[in-house]
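Take a look at the structure set out below.
Since every read-out is calculated from the coordinates, none of them should be taken as a lab result. These numbers come from a predicted model, not from an experiment. All Cβ positions, glycine included, derive from the backbone under ideal geometry; neighbour counts span all protein chains shown.
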Amino acid sequence: MPQGPAISTISSMADVWDAYRDEIDGVEHQVRKNLDSSVTLVNTVAAHILSSGGKRVRPLLLLLSARLCGYVGREHHQLGSLVEFIHTATLLHDDVVDDADIRRGRQTARKVWGNQISILVGDYLYSKAMALVVEFRSQGINEVLAEACTKMAEGEVLQLYYNGNPSMPESDYVKIVEHKTAGLIAAACRMGAILAEASEEKQTALFRFGQYIGIAFQVADDTLDYNADGERLGKTLGQDLRQGKATLPLLHLLAHCGEEDRSMIKDRMETRTLNEGDLARILALMRDCGSLTYAMEQARTYIAAAKHELEAFEDSTARRALTVAADYMITRDR
């Protein structure tokens, strides 16, 4: 099967989506086909979030990784749909943990049907994905996906452990991001390589590629929480701080601001109280201390490391598409 247009025509994410539209449509077909519960409400709730505008980035990375390693079949459509099921399950659970009312401009499932239904449908999607993945009869794929699910749960627990705690080390922040966000992205890339029966070296390179861009993705998203552009993109400024979450920009600020400001920030984080005056002060401090710049520099460093992993592969449409996708992870409209 052709990889898409000539390499030279892949220069933007729009080019990538256009080149692999048939591939993504194959994933969408499998997503719809797999929503076959005999309990209608399960399908309705799952469809509510699956159809809410997600860009299917994780399945796309799996598809591109498989093609990069020479895969010519179509089973990656089904595998991509299972990755999307697991990602969707995490969103259903996260919205309950965060008491979120809006996601992607729509009411969350928990807001429409309640927390219990959201949790149980998330459990269903996890279970359905794990039941269908065994049909691939691949121990490697089973292990990678199971490990990703384990790490995501650990990352969520570690984040909750540090909730409201401004003394979290930066290393633990990275660990949370690596487990909670980057784990499934890295697994998707590695599973594409496994499906193509690529060498262990190439599987590992793609796993690291996914891990690095996953970390960069979350760091950039956390930075947007304190960026004025967040208002244009529909993101409430300071929401992480209001929820007691210490992300990289805030950790940098706490390490570089004065004691009086540090005490104020810690108090607001611990008590979950933040007025507009406090937020304006914190945003000004972040600009003065270079906290947003620092965080985005870290994100770009991870993207550079990810691109380095692609040097193990010959130039191709898929490799160019993965390079463009890596940049997209920190420049996209979130």
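Here are some values of Kirkwood radius over Cα pairs in Å: (1) 19.3; (2) 20.6; (3) 19.9. Which one was computed from this structure?
Recomputing Kirkwood radius over Cα pairs in Å here picks out (2).
Between rounded, prolate and oblate, where does the range 63-212 land on the alpha carbon gyration tensor, with a ≥ b ≥ c its root eigenvalues, rounded for a/c under 1.5, else prolate if a/b exceeds b/c?
Values: a/c = 2.36, a/b = 1.42, b/c = 1.67.
Oblate.
Can you compute the charge dipole magnitude of the range 247-291 about its Cα centre, using +1 on each Lys and Arg Cβ and -1 on each Asp and Glu Cβ, nothing else charged? Give it in debye, rounded to the nearest 20.
Values: 6 positive and 8 negative charges, 30 e Å.
Taking the Cα centre of the range 247-291 as origin, the dipole is about 140 debye.
Report P(r) for the range 146-303: all Cα-Cα distances, bin width 10 Å, range 0 to the bin holding the largest distance, values in whole percent.
Reading the bins upward from 0: 11, 37, 31, 14, 6, 1.
First select every other residue whose beta carbon is under 13 angstrom from the beta carbon of residue 259; then total the charges, Lys and Arg +1, Asp and Glu -1.
Working: positive: 262, 266; negative: 260, 261, 267.
Result for the local shell: -1.
Beta carbons within 10 angstrom, averaged per residue: use that to sort the peptides 12-22, 322-332, highest first. Mind dumping the intermediate values first?
Details: 12-22: 16.1, 322-332: 19.6.
Those peptides, ordered most packed to least, come out 322-332, 12-22.
Under 14 Å from the 7 Å Cα→Cβ point of residue 98, by amide nitrogen: which residues of the range 190-224?
218-224
Limiting things to C-alpha atoms, what are the Rg and the maximum Cα-Cα separation (Dmax) for the range 42-92, in angstroms?
12.2, 37
Could you sort the peptides 154-165, 117-128 by per-residue average Cβ neighbour count (10 Å cutoff), highest mean leading? Let's see the in-between values first.
Working: 154-165: 15.7, 117-128: 20.2.
With the highest mean Cβ count within 10 Å placed first, the list reads 117-128, 154-165.
Please work out the C-alpha center-to-center distance from the range 238-272 to the range 79-121 and express it in whole Å.
So the separation of the two Cα centres works out to 28 Å.
I need the per residue convex hull volume for the range 176-229, using only the alpha carbons, in cubic angstrom as a whole number. List each step's numbers first, then the result.
On the way: hull volume 3.4 nm³, N = 54.
Given the Cα convex hull of the range 176-229, per-residue volume reads 63 Å³.
With +1 assigned to the C-beta of every Lys and Arg and -1 to the C-beta of every Asp and Glu, and no other charges, what is the dipole magnitude of the chain about the Cα centre in debye, to the nearest 20? Each step should come with its number before you reach the end.
Working: 37 positive and 47 negative charges, 130 e Å.
With only Lys, Arg, Asp and Glu charged at Cβ, the dipole is about 620 debye.
Over the range 7-327, what is the relative contact order in percent, taking alpha-carbon pairs closer than 8 angstrom and at least six residues apart? Walk me through the numbers before you get to the answer.
Values: 423 pairs, mean separation 67.3, N = 321.
Worked out over the range 7-327, it gives 21 percent.
Using only Cα atoms, tell me the angle between helix 182-195 and the longest principal axis of the chain; keep it within 0 to 90° and round to the nearest 10.
10 degrees
Per-residue ellipticity at 222 nm for the chain, helices alone: DSSP H runs ≥ 4 residues times -39500 (n - 2.57), over residue total, nearest 500 deg cm²/dmol?
Helices in the chain give a 222 nm mean residue ellipticity of -23500 deg cm²/dmol.
Of 296, 186, 73, which is farthest along the charge dipole of the chain in the positive direction, counting Lys and Arg as +1 and Asp and Glu as -1 at C-beta?
Most positive-ward Cα: 73.
Sum up the charges of everything whose Cβ sits under 12 Å from the Cβ of residue 48, counting Lys and Arg as +1 and Asp and Glu as -1, but leave residue 48 out.
Here the charged neighbours net out to +4.
Given labels modelled 7 Å from the Cα in the Cβ direction, how far is it in nm from residue 255 to residue 161?
About 2.0 nm separates the two model spin labels.
Using modelled amide H (1.01 Å from N, peptide plane; none on Pro or chain starts), what sits under 5 Å from the amide H of residue 103, excluding residues fewer than 5 places away?
108
Distance in nm between label sites at residue 150 and residue 32, each 7 Å beyond Cα in the beta-carbon direction?
Computed distance between label sites residue 150 and residue 32 equals 3.7 nm.
Can you tell me the dipole magnitude for the range 58-196 around its Cα centre, using point charges on the Cβ only (Lys, Arg +1; Asp, Glu -1), in Debye to the nearest 20? Walk me through the intermediate numbers first.
Details: 14 positive and 16 negative charges, 110 e Å.
With Lys and Arg at +1 and Asp and Glu at -1, about 520 debye.
Taking 4 °C and 1.567 mPa s as the conditions, I'd like the Stokes-Einstein D for the range 275-334 in µm²/s, using the Kirkwood hydrodynamic radius from alpha carbon pairs. Write out the running numbers ahead of the final one.
Working: Rh = 13.8 Å.
After rounding, the answer is 94 µm²/s.
Separation between the residue 301 and residue 271 pseudo-spin-labels, each 7 Å from Cα along Cα→Cβ, expressed in nm?
That separation, rounded to one decimal, is 3.5 nm.
Lysine pairs in the chain with alpha-carbon atoms under 13 Å apart, 8 or more places apart or on different chains: how many are there?
Values: 33/128; 151/175; 151/180; 245/266.
Count of close lysine pairs: 4.
For residue 73, what is the net charge nearby, where nearby means another residue's Cβ is under 13 Å from its Cβ and Lys, Arg count +1, Asp, Glu -1? All intermediate terms of the calculation are to be shown ahead of the outcome.
On the way: positive: 67, 74; negative: 23, 75, 197.
Every neighbour counted, the sum reads -1.
Go through 85-94, 194-203, 306-315 and give me the packing order, highest mean Cβ count within 10 Å leading. It would help to have the intermediate numbers written out before the result.
Details: 85-94: 22.6, 194-203: 17.9, 306-315: 15.8.
So the order, starting with the most tightly packed, is 85-94, 194-203, 306-315.
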